[in-house]
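Report on the structure given below.
The values are calculated or read from the model by the stated rules, or taken from the named source; none is laboratory data. None of these values were measured; they are calculated from a predicted model. In this analysis, Cβ positions are derived from the backbone assuming ideal geometry, glycine residues included, and neighbour counts consider all displayed protein chains.
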Amino acid sequence: MAEFTVTGDVDPFLHVNLKRGEKIYCESNAMVMMEKTLELKGKMTGGLGNALMRRFANGESFFQQHIEAVGGDGDCLLSPVLPGAIQVLDVGATSYKITDGAFVAAESGVTLTVRTQGVGAALFGQTGGFFICEATGVGKLAVSGFGSSFVIDVEPSKEITVDNAHVVAWDSNLSHDISTATQSGGLLGQLVNSVTSGEGVVLKFSGRGKVVICSRSRDNFAGWLAKLLPGGR
């Protein structure tokens, strides 16, 4: 199997070592460096229908980069879209759901499939709208979030609440519910308290599995990006 190694602490690279014949695929423009033994092609992963669903439902690339070790063993360096940490997950007995923009790369044995979500998650969860990508199959999967990342182990006796904008990926076996950050009072009171506390909508995870979170939210990222544009402050 390909070796995935995260290199660097701030805005890290994903270092991938491939043996002859091994393949990975990654987001468009992710490749930074590769050795001459590797071959890079742009392909529609999963066929036209799946590529269209990823593109229009989740904003993922229509064509993804496919890298194969055709001339012998070789290394490549990949860079995620989001300026932040990378987490490498093992897909197999466990499958993972991924939020928009979090996918970095995966081994060829991992399949990204677009799934539907409930109306509540679609409208309020900010985890991919009515559709969300799920990684199944067997192999390594690399995801990224804005800022630092942390992996939380959820257990039946330890449910967790996460600000929806900080969720990167989670075990597909976990149950997740959309809720407000505060539960006191009626619905109006909960909404007011959530707004005034600055937390808004949260995801509550229960069951057994892992949740990958990041330290910065998408709103933080949007503000950071705006400052880099001409006229930004």
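Remarks
- Top-ranked residue of the stretch 134-171 - restricted to ones that are among the acidic types (D, E) and under 13 Å from the mean Cα position of the chain (by Cα), ranked as modelled with the lowest pLDDT: E134
- Residues of the stretch 1-46 classified as part of a strand (DSSP E or B) and of a type outside the set (F, W, Y), total: 22
- Residues in the stretch 176-218 that are farther than 25 Å from V104 by Cβ, of a type in the set (S, T, Y) and at pLDDT 90 or above: S206 alone.
- Top-ranked residue in the stretch 88-111 [being hydroxyl-bearing (S, T, Y) and outside any loop (DSSP other than H, G, I, E, B); ranked as farthest from Q65 (Cα to Cα)]: Y96
- The set of residues from the stretch 67-76 being surrounded by fewer than 17 Cβ atoms within 10 Å (Cβ to Cβ) and either in a strand (DSSP E or B) or within 13 Å of the chain's Cα centre (by Cα) (or both) comprises just one member, D75.
- Selected residue (criterion: modelled with the lowest pLDDT) from residues of the stretch 98-111 that are crowded, with 21+ Cβ neighbours inside 10 Å and closer than 15 Å to V168 by Cα: G101
- L82 surrounded by 14 or more Cβ atoms within 10 Å (Cβ to Cβ), under 18 Å from the mean Cα position of the chain (by Cα), of a type in the set (A, V, I, L, M) and at pLDDT below 90: yes
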